[in-house]
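To start, the structure itself, in structure tokens.
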Amino acid sequence: MKRDFEDEDIQQKVQTIPEQLPILPVRDAVIFPNAVIPLTVGRESSVKLINDVQQGDGMLVVLTQRDKRVDSPGPPDLYDIGTVSMVHRVMKTPEGNLFVIIMGVSRARMQEFLQYEPYLRAKIAVVADEKEDENSVDFQALRRTVLSQFERIIKLSPQLPDDLQTIVINIEDAGRLADYIATNLPNLSIVSKQFVLEQASVRKRLEYLNTELAKELEVLELRSKIQSQVQEEVGKSQREYFLREQLRAIQRELGESDDTQREIEELRKKIEAAGLTEEAKKEAERELGRLARMSPAAAEYTVTRTYLDWLVTLPWNVLTTEKVDIIKAREVLDRDHYDLEKIKERILEFLAVLELKPQGKAPILCFVGPPGVGKTSLGRSIADAIGRKFVRISLGGMRDEAEIRGHRRTYIGALPGQIIQSIRRAGSRDPVFMLDEIDKLGADFRGDPASALLEVLDPEQNFSFRDHYLDVAFDLSRVFFITTANVLDTIPSALRDRMEIIELPGYIEEEKVQIARNYLVPRGRENSGLQPDQIDFEDAALQHIVRHYTREAGVRNLERQITNICRKHARRTLEGKDPRLVVKPAVVEELLGSPKYHLEDEVEDRVKRPGVAIGLAWTPVGGDVLFVEANISKGGRHLTVTGQVGDVMQESTKAALTWVRSYAIELGLDSDFYKETDVHIHVPAGSIPKDGPSAGVTMVTALVSALTNVPVRKVAMTGEITLSGHVLPIGGIKEKVLAARRAKIQELILPAQNEKNVREDIQPELLQEMKIRYVNTIEDVLELAFPKRVLRAVPGKEPVQQAI
């Protein structure tokens, strides 16, 4: 009875809404008509407002703040449209605040604020709903769509009670339905609720709510789908876990063990038998413990199992047990490679030390030489000679540091680096390990492999090499590392310092003939399927191939030409021709075509003209003969240098011209000849870059020849010059001497300080065939280079010294 009496009292008050009402600002809440909302009131002004309203008719206007952070909002801080509401009940809280239950009555627009203290009071205008044709088809369709979407949201949302569905079905008024949905939609923002409140048109409210309900429904359906998937996976995993535990219990009762347990036991036995270091064994047992606690279906299971497989299969304590035999090692090296005495002596020295001190550290050698001289094949022979396994990796183009040290296990598909992988393939801890093409390492954003090799190739560090994947120390000190390179310039100095450099120069003609006779011909014959009595090469034929069909420091192209002849004879044999062939020079030209190189004839022809001198150059593929041409023309103080020469070589040209100008009188030239002269120096083979200071003496000789119109003798020369006329030593002596010999040049001019290099690097029998002159000054060079004296004494100057 009391409740009915209160409702009747409220309805009487609602029928007469005053024009002026107090304003209650609220944060984070929008009151809709016909909605009953509890509010907590704590502001002093708001508490006074509620107390005053209680004593009156109980009516007020609830306005939402635009910014909830404002503590004392004024008219600009409030929205213009709010809700006329009735205070239904007020209770005090222990904190001193008021707990107020308010019922929305009607929309109202603020027309004018009449009072600001102690609380706001304003003149208002009630906003009635715009009349709609609620019986129209499109309106009914819109209403039913909104209602249907809200019902689905009630079913999917855990925040909404199911009895809301019964309430919304029984709301007949469309405007009240829209307000009720906006009140109860949990994730509708304050701005969106205020927008719905401000719409007098019921259609606009429903259209806006239709869009918001569709968004909310899509989110809830996706959330429900994700939860279903998770629950399904969890349920499946739990089911598998329980079944697996039951299976284990049954197997224990029957005295059987499952596959996982057998696998764990096998790994435990392998760990005990692998001979791991203390650190590695501790890590292996820790990982094995983790593996035993994992489900085989877990993603980490395979990663851990693979890691343990790598640990137990590495040769932690496996060493080659074969006894060292120095005599046998010498025989193997002589069998596989011709000459290379320095390298063979170094290998035999290592074997002798190994015999006396088995625990000694292995050397780290670097074979440097042009292509085709046998650097890589020498590594296999060394392994065969000392009875060790041989592994090889190519470093050419390698740019990723992880190729050396491996990837950390956190990466998908991680593996150890090439060093550990090769040790595992070798099956022993002391193989011969060849790092091929170390001069062609690259570097990019993934790291610098050359820096990673610093640890590998340092005997003071590699006894505890730590691969990123294994993350335990592995001893590489017994590994016999051999690196190969064509040039040393591209190898970082820190890495070069860790290696013992052994140079493999090019072969002379006689050596190539012997190598072809003993190694290349039998190999080419075998590769072509021929028997030893079916084809034979005369020494003259081999010499003809070396001289006229190849121009290289090594023998790779020579082997290619020999195999080419064997292949052609194999075809002729199958065509029914004579199966026996003795290869002579004429047969070589018949099978390989006309000779490709006539360097000795070219040299004879070029030096007949003044202004041409023969120089010697070093290249990564061996030595070569270099022609320098000088030409003089009318002009004025202009020097032109062509032939794709580098900066250092251009500076040598300028130094040569300066020296010639300073000695113009001694050369029989006008002292100011350069004023009306243009000088052009050209180095043929313009497509090949050239650089270096060793062509200095050749530049001077070519200039003097052109200026004095005297041809240069058939003599090759090399050496760096200074402005004061001294000739400085240069490198690559053996390669340059061999290049001159290939061109049939019998006389050389070399710096005097290179005499020791000649005696060390060049065989005595080769020196007997060639006449090598050593010089200290440019004057010495000119004395030897021309058939007649071109320098004359000048009064007041020191006499020109004689050549050595």
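Simple spin-label estimate for Ile412 and Val582 gives 7.0 nm between the two label positions (7 Å along the Cα-to-Cβ direction from each Cα).
In whole percent, and with a 1.4 Å probe on the protein chains, what portion of the accessible area of the stretch 258-355 is carbon and sulfur? Solvent-exposed carbon and sulfur of the stretch 258-355 make up 52 percent of the total.
Pairs of alpha-carbon atoms within less than 8 angstrom and 6+ residues apart define the contacts here; what relative contact order does the chain have, in percent? Here the relative contact order equals 7 percent. Surface exposure of the stretch 84-137, expressed per residue as accessible area with a 1.4 Å probe, stands at 60 Å². Convex hull of alpha carbon positions in the stretch 534-629: directionally averaged projected area 7.2 nm². Taking the DSSP bridge list for the chain and keeping only pairs wholly inside it, about 55 percent are antiparallel. Across the stretch 291-303, coupling constants 3J(HN,Hα) worked out from phi with the 6.51/-1.76/1.60 Karplus curve, θ = phi - 60°, read 5, 5, 8, 8, 7, x, 7, 5, 5, 6, 4, 5, 4 Hz, and Gly and Pro carry x. Using the average count of surrounding beta-carbon atoms within 10 Å as a protection proxy, the listed peptides 181-187, 238-244 rank, highest first, as 181-187, 238-244. For the stretch 601-656, applying the loop criterion from DSSP together with a ceiling of 15 other beta carbons within 10 Å to the trypsin sites (Lys or Arg not before Pro) yields Lys608, Arg637.
3J(HN,Hα) along the stretch 768-782, derived from phi through the Karplus expression 6.51 cos²θ - 1.76 cosθ + 1.60 where θ = phi - 60°, amounts to 5, 7, 10, 9, 10, 9, 10, 10, 10, 10, 5, 4, 4, 4, 5 Hz, with x in place of Gly and Pro.
Fully extending the segment from Glu207 to Ser671, taken as 0.36 nm per residue of separation minus the present Cα-Cα distance, adds 156.6 nm.
Carbon and sulfur: what percent of the stretch 570-656's accessible surface (1.4 Å probe)? Carbon and sulfur atoms account for 49 percent of the accessible area of the stretch 570-656.
In the chain, helical runs assigned H by DSSP with n ≥ 4 each contribute -39500 (n - 2.57); averaged across all residues and rounded to the nearest 500, the mean residue ellipticity at 222 nm is -14000 deg cm²/dmol.
Taking a sphere under 14 Å around the Cβ of Leu738 and counting the other residues whose Cβ falls inside, with K and R at +1 and D and E at -1, yields a net charge of -3.
Taking the 1.4 Å solvent-accessible surface of the stretch 109-222 as the whole, the part contributed by carbon and sulfur is 48%.
For Val775, the amide hydrogen comes within under 5 Å of the amide hydrogens of Leu750, Ala752, counting only partners 5 or more places away or on other chains and with H modelled in the peptide plane. Judged by the ratio a/c of the largest to the smallest principal axis of the C-alpha gyration tensor, the stretch 738-793 counts as oblate, that ratio being 1.5 or greater while a/b is no larger than b/c. Peptide packing: for 289-296, 763-770, 327-334, the average count of neighbouring Cβ atoms within 10 Å per residue gives the ranking 327-334, 289-296, 763-770, highest mean first. Placing dummy labels 7 Å off each Cα toward the beta-carbon, the span from Ile250 to Thr40 is 5.8 nm. May I ask you to derive the FRET efficiency for Tyr116 and Gln231 from their Cβ-Cβ distance with R0 = 35 Å, giving the value to the nearest 0.05? After rounding to 0.05, the efficiency reads 0.05. For Arg759, neighbours were defined as the other residues whose beta-carbon sits under 14 Å from its Cβ, and their charges (Lys and Arg +1, Asp and Glu -1) total -2. In angstrom, the C-alpha Rg and Dmax of the stretch 387-436 are 12.0, 39.
A 1.4 Å probe run over the stretch 442-487, with the rest of the protein chains in place, finds 32 Å² accessible per residue. Full extension of the chain segment joining Gln238 with Arg523 gains 95.9 nm, where the gain is 0.36 nm per residue of separation less the Cα-Cα distance.
List, in the order given, every pair from Lys440/Lys756; Lys654/Lys675; Lys634/Lys654; Lys270/Lys357 whose Cα-Cα distance in the structure shown is over 21 Å. Going by Cα-Cα distance, Lys440/Lys756; Lys270/Lys357 fall outside the 21 Å limit. Applying a DSSP loop filter and a limit of 13 other Cβ atoms within 10 Å to the trypsin sites (Lys or Arg not before Pro) in the stretch 408-473 leaves Arg408, Arg446. In the context of the full set of protein chains, the stretch 283-369 has a per residue accessible area of 52 Å² (1.4 Å probe).
The values are calculated or read from the model by the stated rules, or taken from the named source; none is laboratory data. Everything numeric in this text was worked out from a predicted model, so none of it was measured. Using ideal geometry, Cβ is built from the backbone for each residue, glycine included, and neighbour counts are taken over all protein chains shown. With ligands, DNA and RNA removed, areas are computed over all heavy atoms of the protein, side chains included. Shrake-Rupley method; radii C 1.70, N 1.55, O 1.52, S 1.80 Å.
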